[in-house]
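Peer 1: For reference, the structure I am asking about is given below.
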């Protein structure tokens, strides 16, 4: 018999790889009578939906932009590298 | 450790100028914000994100004779940034300390009874509560702020690994290879992230929103 600690670990694993059938069956049976693990499984699915929505909506993920100082630094280093890579024509 | 991913990025400076179709002079103007926005949530701090964007531009310049024009300049730069990010994770992977799987994880502390009839069952205090209409949260701006705070509280690089898996949909095999962790260590990190985030959201967002028992 699996306990809740085992089942919570297996639920997490099942989101990354297909479980062996024995474990799948044992988890299903456990979920039939354990409301807490049922909630746990549903909430992990919700987490996945939330993360995917975050990925699809960049402004949710991060609203900070590069500072103009950082951009100036980048332009400078890029220009140096450009000058080195293509010597001026004689 | 072999460096397969970066080997496709030439490190020898080219003797030729950038190839046609590329405008390095406009890169910072046109792409830096977008590249930074992609990477900043995936690493631990702004300075690292800035460094990765900078490294991307310099690597792109060196590799520019190989730019075949098969993809857009933007897609090409993003491809290089992803390789730089993978390199970063591989370096970080060496520092990731993973607790023993057999011992209880820190995120599990108090969540399961350790003795009595309900041994290894959820403890009444920390068992998952009912979340009322969770998907309504996905249109709530405040929810995203809470989720980001919860992500930032995860230990070490757990959040970054979790984001690779859940936001970018990278397979566990690829993450293991890119970050240089064993499959076992990876699933422990993912499990810890899920336990920690679930609990954090429950306490800081869903508490009071659901019916408890």
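For (1) touching a helix residue (DSSP H, G or I) at 6+ places or on another chain (Cβ under 8 Å); (2) surrounded by 22 or more Cβ atoms within 10 Å (Cβ to Cβ), each residue gets a yes or a no:
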position	(1), (2)
B:51	no, no
B:55	yes, no
B:60	yes, yes
B:63	yes, no
B:68	no, no
B:71	yes, no
B:74	yes, no
B:79	no, no
B:82	no, no
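Peer 1: For residues in region B:16-57 being assigned to a loop (DSSP other than H, G, I, E, B) and within 8 Å of chain A (Cβ to nearest Cβ), which is modelled with the highest pLDDT? Step through it out loud before you land on a result.
Peer 2: In the first step, residues of region B:16-57 are kept if they are assigned to a loop (DSSP other than H, G, I, E, B); the result is B:16-23, B:41-45.
Then keep just the ones that are within 8 Å of chain A (Cβ to nearest Cβ); that gives B:16-18, B:41.
Details: B:16: 48, B:17: 51, B:18: 53, B:41: 73.
Filtering region B:16-57 for residues that are assigned to a loop (DSSP other than H, G, I, E, B) and within 8 Å of chain A (Cβ to nearest Cβ), the one modelled with the highest pLDDT comes out as B:41.
Peer 1: Would you mind telling me which numbered condition in (1) touching a strand residue (DSSP E or B) at 6+ places or on another chain (Cβ under 6 Å); (2) exposed (fewer than 14 other Cβ atoms within 10 Å of the Cβ) residue A:24 fails?
Peer 2: The failed condition is (1).
Peer 1: Could you check how many residues of region A:35-46 are more than 8 Å from every other protein chain (Cβ to nearest Cβ) and crowded, with 19+ Cβ neighbours inside 10 Å?
Peer 2: 1
The values are calculated or read from the model by the stated rules, or taken from the named source; none is laboratory data. It should be emphasised that the depicted structure is a prediction, and the values quoted were computed from it without experimental measurement. For neighbour counting, all protein chains shown are included, and Cβ atoms are generated from backbone atoms with ideal geometry for every residue, glycine included.
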